[in-house]
1. Provide a single number: the residues in the stretch 1-32 that are under 22 Å from K133 (Cα atoms), open to solvent by 80 Å² or more (accessible area, probe 1.4 Å) and of a type outside the set (D, E, K, R).
2. Could you list, ordered by first residue, the pairs with Cβ atoms under 9 Å in which the first is in the stretch 15-42 and in the same structural domain as A102 (by the TED database) and within 21 Å of N117 (Cβ to Cβ) and the second is of a type in the set (F, W, Y) and part of a helix (DSSP H, G or I), at least 6 apart or interchain?
3. Of all strands (runs of 3 or more DSSP E) completely enclosed by the stretch 33-88, which ones contain at least 1 residues that are exposed (fewer than 14 other Cβ atoms within 10 Å of the Cβ)?
4. Among the residues of the stretch 213-225, which ones are under 29 Å from the mean Cα position of the chain (by Cα) and open to solvent by 40 Å² or more (accessible area, probe 1.4 Å)?
5. Limited to the stretch 111-138, what total is found for residues that are more than 15 Å from the chain's Cα centre (by Cα) and either surrounded by 20 or more Cβ atoms within 10 Å (Cβ to Cβ) or assigned to a loop (DSSP other than H, G, I, E, B) (or both)?
6. Got at least one residue in the stretch 226-242 being in a helix (DSSP H, G or I), of a type in the set (G, A, S) and open to solvent by less than 20 Å² (accessible area, probe 1.4 Å)?
7. Only one of (1) open to solvent by 30 Å² or more (accessible area, probe 1.4 Å); (2) part of a helix (DSSP H, G or I) fails for L106. Which number is that?
Amino acid sequence: MLNEFIAIRRDLHQIPETGYKELKTQAYLLEYISKLPTTYLEIKKWRTGILVLVKGTNPEKTIGYRTDIDALPITEETGLPFESKHLGNMHACGHDLHMSIALGVLTHFASKPAKDNLLFVFQPAEEGPGGAKPIMESAEFAAWRPDTIYGLHIAPEYKVGEIAIKPGLLFANTSELFISFKGKGGHAAYPHLANDMVVAASAFVGQMQTIISRNIDPMDSAVITIGRIRGGEIQNVIAETAYLDGTIRTLSPETMKTVWTRLKQLAKGWEEAYQCEVEFHPGSNYYQVDNDPAETEEFIQFLKENYPESYTPARSAMTGEDFGYFLSEIKGFMFWLGVDSEYSLHHAKLNPKEEAIPFAMDVLIRFLESK
């Protein structure tokens, strides 16, 4: 028979919804949670998310566990029999697995509560515009604010049964980058009578890379990537507007500030040089995932004693995760869970191995019972 929580994952995989639109997802989760034993449970909704408190038998603290619940605006190409029914949306980052694992752990403790309180946070909008910071600022979270908090993220590059983690920095600081250029359009045959924004934007793409090579300490690390360029309407008309969409990744908040300062300084020069208007538009900004050393070492020792073949030392990555906001105020950690997929996160053909679900449930249940 199909494992119950693998079946749940397949249900959730079919109804992917983007940030703060997770209405069907929230309804599905609430329906499942409502069928659990209620003796130890308290449930609160927050926007499209859910907080579930499992009262401990003799609580001295509250331990948090967070899962993200949103999906990406990606058209699925897996061909799976349970592929997305929401055209243009897909659980291409594994949040369907994250949710099913969290439900499995919650189910266990709803019947067999731990000594301490457990808070399960089903958080929306991780992929954007960012749900961690707002939910942390909510009255609902404040009422049950945990003393420690944990989370996981699937990792296609690791095998099922492998867990990768490290103390300190795991994920980078990230910032979305949206820039518009407005000049003067005109006929392609008369460039001297116009201000070409395709030229201005293209030159800016190259120049911004000098921020990395000339303004960032070579022993530090940062990335600026432009993933999309838009400009113009037709081949023989000089573009009046152009747009750059990208992302910034840094290993420290201070370096992120440096990058943004230099970008804005360059933009002022561009306005003068190309006789145009350069504007930065708001995007999501995520704080680094910085694992608490003591909490992480405790988990590593737990793995070595109970799952000796599982522990793998992780490396810092330039990926982003808004779980970092939790860890900026609450001690805890996040780890990579191996799912052994040929395709990477955010790929339209991502197909994680589902055996990782019962494995992760077992690890988390035993770890939380040991606390």
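The values are calculated or read from the model by the stated rules, or taken from the named source; none is laboratory data. None of these values were measured; they are calculated from a predicted model. Here the Cβ is made from the backbone with ideal geometry for all residues, glycine too, and neighbour counts use every protein chain on show. Keep in mind that these areas ignore ligands, DNA and RNA; they rest on the heavy atoms of the full protein, side chains included. Shrake-Rupley method; radii C 1.70, N 1.55, O 1.52, S 1.80 Å.
1. So the count comes out to 1.
2. Y40/F109
3. Fully inside the stretch 33-88 and qualifying: 41-46.
4. Within the stretch 213-225, S213, N215, D217, P218, M219, D220, S221, V223, T225 meet the criteria.
5. Total satisfying the criteria: 11.
6. No, the conditions are met nowhere in the stretch 226-242.
7. Going through (1) open to solvent by 30 Å² or more (accessible area, probe 1.4 Å); (2) part of a helix (DSSP H, G or I) one by one, L106 breaks only (1).
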